[in-house]
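Below is one structure, written out as structure tokens; comments come after it.
The values are calculated or read from the model by the stated rules, or taken from the named source; none is laboratory data. It should be emphasised that the depicted structure is a prediction, and the values quoted were computed from it without experimental measurement. No Cβ is skipped: glycine too gets one built from the backbone with ideal geometry, and neighbour counts run over all protein chains shown.
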Amino acid sequence: MNQQDFVSPKRIKRADQIVESIKRWVVVNGKQPGDRLPNEKELIEQFECSKGTVREALKSLEVQGLVSIRTGPNGGAILERVPYEKASQLLRNFLHFEQPSGPEIYALRTLVEPEIAALAAERLNQDDLAKLEALVERCRAPAQSFDERMEQRIAELEFHVVLAQRCDNVMLAFIGRFINDMIRDLVIFKKAQLPEQQEFSCANLEYHTKLLEAFRARDAQAARQLMLEHMQSAEHFNRELEGQLQKHFLSSDH
């Protein structure tokens, strides 16, 4: 044995311990957004710590988006549902310097999107179908400018976001929306300087049109198969775009 064998693990701050204990208390007791945490005095007594330590723990929970702190006679820490946008942004920040490639993102998308489409097929209401149809129509005419081109790419992604929002599987829904955020951040805008890919746009339009028909018929199996083919097609085009992007950067260096 050497000296390193006797090094104790890093000590967890008391405030962080309280944060984790509160999270467990919320889950065990089935607490929901809008419910109150025990007041400051009760927390001090329960955890046998100072007021400053409790306030540090509550501030940490607030920064994480899990509580809001209200002042006044009816104030205190109120449980909040973490907004999707906040969770997505934090995860995208984590991946920012990892820089996953387009093909890596599309490979995951090919696994997730077909199941989302199948689950959403039976849950889409008339308003959802009308929104999907409007997104399809927005992409029907060829883009006449860079701005129109970007608007159509965003509309194509929004088509998939609508489906994720109607998927009754929480994990699939989050992953589906997150992947579309990643595509918007790391694929579309990165490739904006490349010439428009008319073939890619036409393929997207064709698949979205067919998917809309399957959704109107509430045909989950057809929706799953069409989405699988759509994602395989998109992955193929994306690999071609990655190659073009590499050539573009190489040529611009000279």
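Answer yes or no as to whether ALA57 is touching a helix residue (DSSP H, G or I) at 6+ places or on another chain (Cβ under 7 Å), farther than 30 Å from VAL162 by Cβ and not in a helix (DSSP H, G or I).
Working: touching a helix residue (DSSP H, G or I) at 6+ places or on another chain (Cβ under 7 Å): yes; farther than 30 Å from VAL162 by Cβ: yes; not in a helix (DSSP H, G or I): no.
Criteria not met by ALA57.
Rundown of residues vs (1) under 22 Å from the mean Cα position of the chain (by Cα); (2) within 20 Å of LYS13 (Cα to Cα), yes/no style:
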position: LEU43; (1), (2): no, yes
position: GLN46; (1), (2): no, yes
position: LEU58; (1), (2): no, yes
position: GLN64; (1), (2): yes, yes
position: ASN74; (1), (2): no, no
position: GLU85; (1), (2): yes, no
position: LEU95; (1), (2): yes, no
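Can you pull out every residue in region 60-77 that is over 13 Å from GLN17 (Cα atoms) and part of a helix (DSSP H, G or I)? Let's see the steps before the verdict.
Within region 60-77, the first condition is being over 13 Å from GLN17 (Cα atoms), and the residues that meet it are 62-77.
GLU62, VAL63 - these are the residues of region 60-77 that are over 13 Å from GLN17 (Cα atoms) and part of a helix (DSSP H, G or I).
Among the residues in region 144-158, are any at pLDDT 95 or above, among the charged types (D, E, K, R) and farther than 16 Å from GLU206 by Cβ?
Looking for residues that are at pLDDT 95 or above, among the charged types (D, E, K, R) and farther than 16 Å from GLU206 by Cβ, one finds at least one in region 144-158, hence yes.
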